[in-house]
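Rule-based calculations on the coordinates, nothing more; no lab input. Since this is a predicted model, take the numbers as computed values, not measurements. Because the Cβ atoms are built from the backbone with ideal geometry, glycine has one as well, and the counts that use them run over all protein chains shown.
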Protein chains: 2
Amino acid sequence: MRVAILGGTGDIGEGLALRWAYHTSHDVVIGSRDAQRARSKADEYETELASRGDETAIEGAENPEAAAEADVVVAAVPAYHLVDTIEAVAKGLDAETVLVSPAVGMQRDESGMHYNRPGAGSVTALAAEAAPDEVPVVGAFHNLAADELANLDVELSLDALLVGDDEDAVERVEVLAEGIDGVRALRAGSIDNAAEAESLTPLLINLAMHNDDLQDVGVRFV
Amino acid sequence: MRVAILGGTGDIGEGLALRWAYHTSHDVVIGSRDAQRARSKADEYETELASRGDETAIEGAENPEAAAEADVVVAAVPAYHLVDTIEAVAKGLDAETVLVSPAVGMQRDESGMHYNRPGAGSVTALAAEAAPDEVPVVGAFHNLAADELANLDVELSLDALLVGDDEDAVERVEVLAEGIDGVRALRAGSIDNAAEAESLTPLLINLAMHNDDLQDVGVRFV
């Protein structure tokens with residue numbers, strides 16, 4: 001598979017790029033609004049892989065170019081950039097492209113982090129609204145521990161939740177998720193169930209704030 | 001400690017009663033709107049314990065009587081009975097009683113289960129509004145796997161999330177939670193953070209619906 005990670009220069013994007021390049025044979029392309037920045041990050045990830053004897057090549061390109069050739073496009077951007085990012089790449093998406101939304105809308109107050117539910121019902125639903133009608137959308141990778149994911153020295157033991165209305169698309173993302181050693185993919189139903197999956201992210205942040213031994217926290221369902 | 005479990009005849013109440021009686025030296029009293037039903041459930045739990053060679057006595061009483069003598073009162077009733085239940089026992093609560101709210105408001109649609117956030121912000125906040133001002137309220141035990149909890153043959157490995165504004169009260173509930181073998185208590189902050197903890201329950205139900213190997217699902221933060 002060819003996977004484009006838009007916003008692949010940010011924390012969750014970095015981890016997904018490194019893990020897919022390191023653990024799988026999928027082709028990874030980093031997307032950014034700035035082609036130069038995308039290439040420079042791709043080079044950085046290649047250097048990290050090379051230091052482990054892995055000569056996998058990672059490409060870097062502007063978001064539209066990265067998305068146009070991909071089988072799966074991961075919009076690893078903050079929720080408030082999501083619609084703009086999807087609109088910028090929409091021409092290159094079609095029914096054969098799976099669009100993955102890992103973003104969560106949150107707001108912080110003095111008590112902690114809170115889920116900021118968009119009018120669409122969830123950020124995944126917002127992505128589905130912004131994408132061309134024929135493009136299947138899957139919500140996934142909201143709740144991975146970003147620092148652990150990006151540190152290839154860490155052996156993962158994490159669950160990734162998937163929500164989506166198109167079974168083939170969900171299966172494709174399941175294959176991607178389980179390609180990462182130590183990640184188990186779990187189905188959480190249709191996009192109508194996305195808010196419950198996305199709400200877990202602010203909870204993880206609140207737990208990290210209040211428990212010294214949970215600084216980069218992920219989740220396992222048992 | 002003396003723990004009253006109001007609604008101790010329901011699923012999560014049953015599990016908490018059995019586990020505290022079996023694993024700890026805390027006194028457990030089952031509360032119900034019907035004293036006879038409370039005593040009959042208490043007898044049933046005693047029989048279950050006796051079958052394991054444990055002669056711990058469990059009391060049963062009407063809710064107000066059960067609550068009046070307790071150090072900790074767990075309102076293990078459905079969310080729509082919560083306010084009525086608290087009002088019925090309010091006279092017996094004071095600043096020395098900790099009120100624990102494990103209830104979650106949910107609604108089901110064709111996709112799955114959804115968090116039904118009350119106007120108060122969370123069910124725990126609703127409990128705090130319904131309780132007399134001086135009574136400290138802690139949200140806890142929303143996300144334990146009820147069938148596993150109630151089956152003393154099962155060795156647990158679950159996290160219990162605690163939210164509360166009164167540190168002494170949260171500590172008392174932490175002691176209760178960690179008294180159960182295999183349960184780890186985690187702080188999730190103040191009652192303003194309760195919605196994020198409560199939202200995990202419908203997610204667990206959705207995961208059980210969509211994953212054959214997760215039929216009575218709990219959670220571990222890692």
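Some observations on this one:
- Pairs are defined by a Cβ separation below 6 Å, a sequence spacing of at least 6 or placement on different chains, a first member in region A:194-222 that is on the phi < 0 side of the Ramachandran plot and more than 9 Å from every other protein chain (Cβ to nearest Cβ), and a second member that is crowded, with 18+ Cβ neighbours inside 10 Å and among the acidic types (Asp, Glu); the pairs so defined are A:Asp216/A:Glu148.
- Check on A:Asp84, closer than 26 Å to A:Arg33 by Cβ and not in a loop (DSSP other than H, G, I, E, B): yes
- Whether a residue is among the charged types (D, E, K, R) and either crowded, with 19+ Cβ neighbours inside 10 Å or part of a helix (DSSP H, G or I) (or both) was assessed, and A:Glu44 passes this test.
- Residues in region B:75-109 that are within 14 Å of chain A (Cβ to nearest Cβ) and either on the phi > 0 side of the Ramachandran plot or not charged (D, E, K, R) (or both): B:Val104, B:Gly105, B:Met106, B:Gln107.
- Residue in region A:94-102 that is among the β-branched types (Val, Ile, Thr) and part of a strand (DSSP E or B) present: yes
Condition check ((1) of a type in the set (Phe, Trp, Tyr); (2) over 22 Å from B:Pro132 (Cα atoms)) across all residues:
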site	(1), (2)
B:Trp20	yes, yes
B:Ala35	no, yes
B:Ala42	no, yes
B:Thr97	no, no
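- Between A:Arg2, A:Arg37, the distinction of being of a type in the set (Lys, Arg) and farther than 21 Å from A:Ala177 by Cα belongs to A:Arg37 only.
- Among (1) within 11 Å of chain A (Cβ to nearest Cβ); (2) within 16 Å of the chain's Cα centre (by Cα), the one test that B:Leu176 misses: (1)
- Check on A:Val154, surrounded by fewer than 17 Cβ atoms within 10 Å (Cβ to Cβ) and of a type in the set (Val, Ile, Thr): yes
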